[in-house]
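What follows is a set of notes on a single structure, which appears directly below.
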Amino acid sequence: MNETRLRFEVVVVGAGPAGLAAACAAAENGCRTALVDDTPWLGGQIWRGQQAHPANPKAARWVERFRRAKASLLDQCTVLGPADRRTLLAEHPDGPRQIEWERLILAAGARELFLPFPGWTLPGNFGPGGLQSLAKHGWPVAGKRIVLAGSGPLLLAVGGGLRKMGASIVSINEQAPLSRLISFATGLLAWPAKLAQAARLKWTLRGTPFRCGVWPVGAEGGEQLRAVTLSDGRRQWMEACDLLACGFGLVPNVELPLALGCQLDDEFVRVDPWQASSVAGVYAAGELTGIGGADAALVEGEIAGLAASGKEEAARRLMARRAAWRRFGADLGAAFALREEVARLAAAETVVCRCEDVRFDRMKSFAGWRDAKLQTRCGMGSCQGRVCGAAARVLFGWGMESVRPPVLPARVESLCADFLTDQSPVRK
Amino acid sequence: MSQSFDIIIVGAGIVGAACAAECAAAGLKTLVLDRGIVGGGTTAAGMGHIVAMDDSEAQFALTEYSRRLWLQLRDQLSADVEYELCGTLWVAADDAEMAEARRKEKYYTERKARVEILDGHGLRRAEPNLRPGLAGGLRVLDDSVVYPPCAARFLMDKALRHGAEFRAGAAVRALLPDGGVEMADGSRIGAGRSVNATGPWSPELMPGLPVRKRKGHLVITDRYPGFVHHQIVELGYLKSAHSVSKDSVAFNIQPRQTGQMLIGSSRQFDAEGAEVDHEILSRMLARAMEYLPSLGKLSATRVWTGHRAATPDKLPLIGPSLAHNRIWLASGHEGLGITTSLGTGRLLADLVLGRNTEIPAQPYAPARFADGSVANG
Amino acid sequence: MADQIQLRVNGKTVSVTAGTVVAAAVAQAGQTRFRRSVQGEARGPLCGMGICMECRVTINGQAHGRSCQTLCQEAMEVRTDE
């Protein structure tokens, strides 16, 4: 892929379940389609590693279907933002790319929500999904003692996966109370596949303590994590470990949609029944439009891909299935809703913005996100507030504001791509 | 309506904050109003270069005076203002620009500003990442850099310590002939005098004011300490910055105390929106890479835009407006507002109090546009 | 593609399987601290998906590379703490 300027009818951003399904649907219906992803892998975060070592049959089926669909794959291609109304600016290790689209499907997925507590910046702290991804790509976990904490179904799934890789899972600690999880589990009876999945996980994780209503209040260690302190609201105790995988659910990656001008509802991209956003020709699918998991993402992606190919009737036939998965997502969200205590774990001196080392008490002294940003640089470091901005929403109730390009840090030369292609020699 | 303040300053950018600090320190009962936050407008978008500029005698007088005030303030500045006496390096690409460097050297030296000429080798030693083959340059020693939002906050805090009052999120609808202001909600606040310090938005309160928005783009990089040591500006910048009509770009890079670098600059009229213009951005960065070839591989974390308040003669508006002697101006600082904020604040307070000014204030008087070509006030 | 890739982490040779990311190679080399924060604190990878920037290292002389998103390549030079 050495061309710098590329043109497609349909461009899909993000190669997770939603993006794969969207790209398949568009390409199978005759659209010249490209699937763009930041990583060298297909499958997004949830199915990461499927390409090389297929373990999940559903993921393997979709990867195979994508191969047959003859869409172009632009991997290791980081989308930086819009260059103009119909062109994305992107960066590949070999140089800048400009990707023209007629219809654009955004499937940028979600990241994990991290909430600051004393010690959360020590090396050895990971997001559960993050540790799983790293482990799939060679991070040594065999023989390591790992505590999982935070919230969401990912904790169990990751715990099971890590154990299969030889890790010793010390405990799994879910902040949501048992009562809520029981009612959610009862609801699962309507979802035999999910129930079977849960049962398999339970078997893999036999012997590992799984606690509800427990959350981390501190991580100990000098320059490396050694132990984590947990609480159930009445008492606190410490558990020795090598790694802590802690995340409090998912946050949609709405930076690119915002840069394109898409309107949000609360924190998610607003879409119509065809997955179309408020911007003409731009669709969104998957976690960007609501946290619902891989199955919701697949059906949303397929609807978006069909709609973008003019196949409304076929898309319409999938809407009932989408409604069901969205209900499942809503139940999931309610079951794992965050308790108030986890928004109050940071101590005065706890770093909230990791890029600029801005501490809780300093941030707290400002009236809003923009004032705090300008005066302390919180949220203005390399991650552009992806970690602390999401945390500040929970900690202080501060809303997101508009994003600044590029969507991810980029080489300076990548930002002058138009010039490089339009006018030959740059050097005098 | 009772008169509750001596002076109301509208706009809490660095110019408004500097005016407030001087007025409050002189004992005036001062109120600052801003529809947003301290330093959230043009101040937040600016580079923060404290620089002596010689486009005109009046420009040199105000920038040099202000630079002196910054030097005097230096030891009191809080650490987050990040005052760094890095100097400016004006780069000459060829012999023609070298001649310009020598003209500048003479001009600054005659006015007792410290400068030194560098030849090609001297330039390479001073900034090894500049491309080989440049003719040389001029180093201006007492120029410096600050982080503008914290500098504005520092000045506002100084005003508050002297008894000034500040209201954020307070939008003003009109400046009243009696010196008071009318708020967006219709309420009124009385004062002996008001000051329009709303920069590029000044004409909203004074239709017809000869202030135009001039858009600029900036890029900030990740941390690369020591990549450049001075604020480096191409001498071609003068052509770019001084052309008052066309869109232009020029190489201008600034090392921050954090190790980050700010890359500029661009100038565009009639571009009201905040969106990034990729063509201008591309030209701007390509220009920077001509001078610093290895810059291209460094990581850029953010691009943003802002609007300067440009006047026809590139000088600010400081003093009473034409229409009403109780409605004053501290606006139109174009790209030099961070530098000239301190000089503006001091001049404005001196004029309000009838004190002698240290430099002649006449060149900045809004009355200079009284020729009928532009309505005012 | 060779099954094993040799690269150097802070001068130390590490052999990893193909498909290993640079962050994992750094961990395999026994290095837990990837960088110093602006106030000097030890930091390592957090998100594992290229957004938190805590895993930044110098790769082949280029500072601020996202080690969790970069695949190891033969003879790569990786330095932490820069």
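Just so it is clear, none of the values below were taken in a lab; they were calculated from the coordinates. Nothing here was measured: the structure is a model prediction, and the numbers come from that model. Don't worry about glycine lacking a Cβ; one is built from the backbone with ideal geometry, like all the others, and counts go over all protein chains shown.
Remarks
- Dipole magnitude of chain A about its Cα centre (Cβ charges: Lys, Arg +1; Asp, Glu -1), debye to nearest 20: 980
- Mean-square fluctuations from a GNM of chain A, with a 10 angstrom spring cutoff on Cα atoms, peak among A:173, A:125, A:56 at A:56.
- Assigned charges on the beta-carbon of Lys, Arg, Asp, Glu; chain B dipole about Cα centre (debye): 280
- Under 15 Å from residue A:373, Cα to Cα: aspartates and glutamates that are on another chain or at least 8 residues apart: A:356, A:357, A:361, A:401, B:80
- Under 24 Å from the Cα of residue A:194 - lysines, other chains or at least 8 residues apart: A:58, A:136, A:164, A:202
- The range B:143-218-the range B:265-290 distance, computed between alpha-carbon centres (Å): 27
- Length-normalised contact order of the range A:114-248 in % [C-alpha pairs under 8 Å, at least 6 apart]: 37
- For the protein assembly as shown, share of DSSP beta bridges that run antiparallel, in % to the nearest 5: 60
- The protein assembly as shown: C-alpha gyration tensor shape, a/c 1.5 cut-off, then a/b vs b/c: prolate
- Mean sequence separation of contacting Cα pairs (under 8 Å, at least six apart), scaled by the length of chain A, corresponds to a relative contact order of 19 percent.
- Positive-end residue, the protein assembly as shown charge dipole about Cα centroid, Cβ charges, pick of B:274, A:76, A:152: A:152
- Of all lysines in the structure, the ones whose alpha carbon falls short of 22 Å from that of residue B:213, not counting any fewer than 8 places away in one chain, are B:239, B:246, B:314.
- Sequence-separation-based contact order of the range B:268-367, relative, with Cα cut under 8 Å and 6+ spacing, percent: 24
- Dipole magnitude (debye, nearest 20) for the protein assembly as shown, charges at Cβ of Lys, Arg, Asp, Glu: 1980
- Most fluctuating residue given options B:278, B:333, B:217, as computed from a GNM of chain B linking Cα atoms under 10 Å: B:278
- Shape category assigned to the range A:272-428 from the gyration tensor of Cα positions, a/c cut at 1.5: oblate
- The range B:272-362 - Rg (one decimal) and Dmax (whole number), Cα, Å: 19.1, 55
- Whole-angstrom gap from the range A:1-45 to the range C:1-67, using each part's C-alpha centre: 28
- Of A:32, A:234, A:316, the one that fluctuates the most in a GNM where chain A has Cα springs shorter than 10 Å: A:234
- Antiparallel beta bridges, as assigned by DSSP with both residues in the range C:4-79, represent about 90 percent of the total such bridges.
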